[in-house]
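As structure tokens, the structure follows; a few thoughts come after it.
The values are calculated or read from the model by the stated rules, or taken from the named source; none is laboratory data. Note that the coordinates shown come from a computational prediction; the quantities given were computed from them, not determined experimentally. Virtual Cβ from ideal backbone geometry, glycine too; neighbours counted across all protein chains shown.
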Ligand SMILES: [Zn+2]
Ligand SMILES: [Zn+2]
């Protein structure tokens, strides 16, 4: 069977980050992209543990760290102690709940910003722009009202 196109672009991405495209790394990237949501390293590790018994949590961490330094993966600080990762390359913003750590995508076109901003600071070279909306999600807000009685 031909290698899938999806695999091929993942291999290219890993190589751009100077990582050898091992089966484990491909699986890490694939599960992040396929989930179409925001996963922690633990989430990915748990998803892959069965199919990749030799995979370690630190391999997942290191792979995600390198990919995020190279801009292939977005790191999201949830403020709840867990980091989440996003493999969606299209520009979008994030809404983060400071209570439960939920991360949701926010449509870029709702709050478009100039991704080619050149005049932020004199001589400053912008490599990426991240917008986070921090707050409390509807569910957490609801359960807070409920517990108040
Ligand atoms: Zn919440
Ligand atoms: Zn996202």
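Values for this structure:
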| read-out | value |
| --- | --- |
| In the range 42-66, residue nearest to residue 140 (Cα to Cα) [restricted to those that are over 10 Å from the mean Cα position of the chain (by Cα) and within 16 Å of ligand 2 (Cβ to nearest atom)] | 43 |
| Any hit, the range 131-145, residues being more than 16 Å from ligand 1 (Cβ to nearest atom) and surrounded by 10 or more Cβ atoms within 10 Å (Cβ to Cβ) | yes |
| Residue in the range 108-124 that is more than 11 Å from ligand 2 (Cβ to nearest atom), within 14 Å of the chain's Cα centre (by Cα) and modelled with pLDDT of 90 or more present | no |
